[in-house]
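The values are calculated or read from the model by the stated rules, or taken from the named source; none is laboratory data. This structure is a prediction, so every number in the text was calculated from the model and none was measured. Note that each Cβ is placed from the backbone with ideal geometry, even for glycine, and that neighbours are counted across all protein chains shown. Surface accessibility is based on the protein's heavy atoms, side chains included, excluding ligands, DNA and RNA. Shrake-Rupley method; radii C 1.70, N 1.55, O 1.52, S 1.80 Å.
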Amino acid sequence: MNIHAGNMSAGVNNMQPPLLEVRDLTVEFATRRGTVQAVKQVDLTLAKGETLGIVGESGSGKSVTSYAVMRILDRAGRIAEGTISFGGVDIGTASEGQVRALRGREMSMIFQNPRAALNPIRKVGKQIEDVLIEHVQAQPGDAKEKAIEVLKAVRIARPEERYHAYPFELSGGMCQRIVIALALACRPQLLIADEPTTGLDVTTQKAVMDLVVELTRERNMSTILITHDLGLAAAYCDRVMVMEKGKVVETANAEAVFRAPQHAYTRKLMRATPRKGVTLRDLLPEDAAPAAPAPTAPVEGAGTPLLIVENLVKEYPRQTPTSGMAGLFGIKGAAADPFRAVDGISFSVARGESLGLVGESGCGKSTTSMMLMRLVDPTSGRIVFKGEELSAIPAKRFAGSKWRSRIQLVFQDPTDSLNPRYTAARAIADPLMQMGSGLSGKALRAKVEELAGLVGLPVHLLDRFPHQLSGGQKARVGIARAIAPDPDLVILDEPTAALDVSVQAVVLNLLQDLKQRLGMSYIFVSHDLEVVRMLCDRVIVMRTGRIVEEGATEAIMAAPKAEYTRELLASIPHPPI
Amino acid sequence: MSLAATDAAPKDSLFSHARHIVAENPVTGIAFGLFALFALAALIGPYVVPHDPLASNTSAALQPPSATYWFGTDQLGRDIFSRVVVASRLDMIIAVASVALVFVAGGFAGIASGYFGGWTDRIVGRVSDTIMAFPLFVLAMGIVAALGNTVTNIIIATAIINFPLYVRVARAEANIRREAGFVQAARLSGNSEMRILLGHIAPNILPIMMVQVSLTMGYAILNAAGLSFIGLGVRPPTPEWGIMVAEGASFIISGEWWIAFFPGVTLMLAVFCFNLLGDGLRDLVDPQRRT
């Protein structure tokens with residue numbers, strides 16, 4: 001670490017030896033194409049009680065750095081150079097037994113997917129007991145009592161009841177609290193949190209991060225927060241270290257990084273982060289050539305309603321638990337009240353409009369988009385598209401309907417939504433081949449190349465398989481496929497949730513351009529209000545299957561009427577600028 | 001880890017990919033070599049063998065292996081080497097035909113039951129449970145005995161007893177993928193359900209099915225030989241590994257070990273080769289491995 005940054009870390013006693021000191025760390029991975037350096041000459045120092053944020057995009061080496069500190073690199077990886085010293089112990093050369101003693105007791109880690117970190121068939125209380133007993137923090141006699149205390153410490157309501165819960169009975173945020181409880185059970189000195197809130201809702205993210213910060217402060221622990229979200233790092237860390245392609249490009253006091261970012265990469269990252277008062281164009285790097293204003297297609301009958309949704313309801317049957325022999329023979333229990341995933345919503349989308357559909361997980365926004373896509377049949381209600389009642393055509397037969405090509409979807413996960421055995425060109429051509437475009441051979445290839453050009457996908461990538469493409473490239477393939485049949489309405493289901501911020505900035509701009517050029521309407525499903533604000537004219541906020549608030553985006557962002565919308569807005573972590 | 005750069009030429013030819021896989025796992029190379037040998041024997045064996053596999057020569061009966069009779073001769077003076085080589089064609093035909101049959105029928109039934117669920121699943125599931133309820137070799141015996149003692153019936157019997165294995169693998173794999181993003185995307189692209197099944201799901205299940213093919217291929221050879229051994233299936237004097245082992249078994253006590261030994265070893269090598277081939281094939285057809 002450079003001296004400059006050391007002086008800037010406020011409130012740290014420079015006389016005290018640092019808890020963790022990493023010098024010249026280089027980590028190599030052996031791959032089929034030779035050795036790859038994932039981390040190059042990284043220096044970092046962490047004082048006792050300090051919170052350090054490591055920020056970077058995928059492939060920046062931020063996770064690998066922390067795995068090296070815990071010495072949990074997978075078999076192909078090794079520490080090639082440098083030293084890691086933790087509380088005086090040299091992690092690089094210590095025996096496996098020594099390191100094992102440190103892991104869990106002195107340093108602990110929480111991972112991205114909390115559900116995967118918990119044993120699915122063991123009660124959470126028992127799992128906490130296991131850790132306490134393993135590390136001699138409790139005896140079998142008082143373990144239950146102590147486990148409940150731990151649950152209380154991570155602010156879980158009704159801990160006596162939750163003690164008996166299985167992980168699948170708890171929400172994602174609750175599971176992450178249990179994982180935090182497990183990580184902190186032995187009062188370690190260092191906590192490494194690797195994207196602890198990715199995949200959680202913003203309000204949950206806030207609750208979890210507040211808890212982590214509160215607990216670590218209470219116990220004077222040091223924390224390393226690994227994240228791709230600059231806003232989150234800035235809001236919760238003392239110091240921020242920015243990494244790019246395995247190298248540290250900048251280390252500074254959190255506020256300083258945001259006030260005056262020194263490195264070009266940090267500036268680029270900051271620009272790409274959606275925040276208050278910026279437009280989509282502002283997200284692109286300064287040196288990006290100002291895109292020629294996309295030729296605007298005149299929208300036929302702009303302003304007239306394209307899609308009208310009336311009183312849409314989706315119910316899922318809920319069964320009372322069956323017991324014993326009845327369950328064995330598939331005899332279902334008495335039907336309880338059905339669960340209403342979507343509870344009577346009505347709205348409309350005008351031609352050429354983009355409508356945002358915002359809400360947290362479980363609010364029914366995905367079910368709504370599935371019904372609009374006609375992949376799922378609604379229980380009741382009407383979907384009227386261009387004057388035709390689409391809900392009258394059952395979902396099973398919709399694939400053969402002439403309306404199929406009119407409504408298309410861009411999926412959330414670009415990897416999962418591409419057939420691993422189809423090349424990019426084949427994936428884009430699929431809707432053209434199935435929906436009677438009549439194109440084949442050279443004409444089809446020409447059309448695919450034209451679509452690739454529209455979404456900015458280099459033609460030479462068309463013959464690659466999905467696993468040979470980057471996340472951003474896969475997202476482009478997905479968008480090209482969706483616009484291939486020239487639809488009137490495109491539903492965007494969190495199309496950038498799996499992408500890095502700088503890629504997200506480019507993809508959002510692309511979507512905006514395409515909309516203008518092709519005169520489509522969008523329904524943008526998202527949990528991120530900042531992104532919705534930049535892309536959408538109007539927004540609908542949903543909660544538990546109902547519409548909480550609806551109106552012009554700017555108006556709702558400026559003066560939310562509903563209490564829930566205010567809470568959502570307040571939970572977005574903002575950089576201190 | 002997404003460390004590997006994707007910039008390098010993605011058009012890895014199948015050949016260089018195969019070379020990489022063989023280099024990574026030499027056993028796969030051995031298995032492929034053995035397989036080539038068996039395939040060659042099946043194709044051109046009857047034209048190149050030194051002796052007529054059916055011609056008996058009582059003056060040269062029960063000769064031990066020598067320069068003239070490489071694997072020795074049997075009780076009728078027939079050359080065992082020629083018979084072993086010629087038999088590979090019949091055994092291969094039975095194995096390949098029965099596996100091809102069950103691959104198509106069992107694979108399709110399995111994918112359909114995993115993808116559609118409901119009644120399709122129940123019917124296919126119960127049919128394969130019924131087959132599994134029998135000791136499989138006894139079932140094969142029963143089928144051949146009931147339908148008649150022909151090569152076609154051996155093929156059908158072998159296919160039937162392998163049916164549940166294919167159904168289970170295909171069903172499980174299709175079931176995982178039926179709600180995958182790319183299947184939904186295919187639906188949005190206007191693909192019919194049957195087209196999704198065959199065009200989108202089936203190719204993704206191919207790698208794991210190839211392993212199954214290779215494993216059951218070895219089993220099919222064993223099964224055919226077993227049926228012939230107990231007198232069902234192929235009849236003498238047609239050269240067939242199972243019959244040859246059966247014929248030689250009675251001579252082992254009197255010291256003429258070579259009559260049963262050579263066909264037995266060949267049979268073992270064939271089964272061994274197909275089992276090893278499974279791993280190699282999976283690596284070869286899986287695009288994820290082609291980085």
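Considering only protein heavy atoms and a probe of 1.4 Å, how much of the accessible area of the protein assembly as shown is carbon and sulfur, as a whole percent? Carbon with sulfur: 57 percent of the solvent-accessible area.
Near A:Glu244, the amide H atoms lying under 5 Å from its own belong to A:Val249; only residues 5 or more places off or on other chains count, and H is placed 1.01 Å from N. Legend: mean number of C-beta atoms from other chains within 10 angstrom of residue C-beta atoms, peptide A:415-425, equals 5. Based on DSSP H segments of at least four residues, each scored -39500 (n - 2.57), chain A has a per-residue ellipticity at 222 nm of -10000 deg cm²/dmol. Reducing segment A:77-144 and segment B:37-61 to their Cα centroids gives an inter-centroid distance of 67 Å.
Summary value for chain A: 15 percent relative contact order, contacts being C-alpha pairs under 8 angstrom separated by 6+ residues. Solvent-accessible surface of segment A:495-537, averaged per residue with a 1.4 angstrom probe and all protein chains in place: 24 square angstrom. Entry note, chain B: relative contact order of 23 percent, from Cα contacts under 8 Å with a spacing of 6+ residues.
One Cα centroid belongs to segment A:362-391, the other to segment A:185-238; the line between them spans 39 Å. Taking 0.36 nm per intervening residue step and subtracting the Cα-Cα distance, what contour gain separates A:Glu310 from A:Ile133 on full extension? My answer for the length gained is 58.0 nm.
Working from label points 7 Å from Cα in the Cα-to-Cβ sense, the A:Asp210 to B:Thr130 distance is 6.3 nm.
Ordering A:His467, B:Ala36, A:Ala558 by the projection of their Cα atoms onto the charge dipole of the protein assembly as shown, which places +1 on the Cβ of Lys and Arg and -1 on the Cβ of Asp and Glu, puts A:Ala558 at the extreme positive end.
Among the residues of A:399-407, the average count of other protein chain beta-carbon atoms within 10 Å of the residue beta-carbon is 3. Taking the Cα centre of the protein assembly as shown as origin and assigning +1 to Lys and Arg Cβ atoms and -1 to Asp and Glu Cβ atoms, the resulting dipole is close to 940 debye.
Other residues within the sphere of radius under 13 Å centred on the Cβ of A:Ala475, judged by their own Cβ, net out at -2 (K and R +1, D and E -1). Look at the stretch A:365-377: the mean tally of other chain Cβ atoms within 10 Å of its residues' Cβ atoms is 1. The loop-placed chymotrypsin sites (Phe, Trp or Tyr not before Pro) in segment A:383-465, going by DSSP, include none that has at most 10 neighbouring Cβ atoms within 10 Å of its Cβ.
Accessible area per residue for segment B:79-289 is 39 Å², calculated with a 1.4 Å probe on protein heavy atoms, without ligands, DNA or RNA. Which whole-angstrom value gives the distance between the alpha carbon centres of segment B:231-260 and segment B:129-183? When both Cα centres are located, 29 Å separates them.
Excluding ligands, DNA and RNA and using a 1.4 Å probe, chains B and A jointly bury around 3100 Å² of accessible surface, summed across both partners. Do any trypsin sites (Lys or Arg not before Pro) in segment A:359-455 lie in a DSSP loop with no more than 14 other beta carbon atoms within 10 Å, and if so, which? Passing sites in segment A:359-455 are A:Lys402.
On full extension, the segment bounded by A:Ile72 and A:Ala558 gains 170.3 nm, given 0.36 nm per residue less the C-alpha separation.
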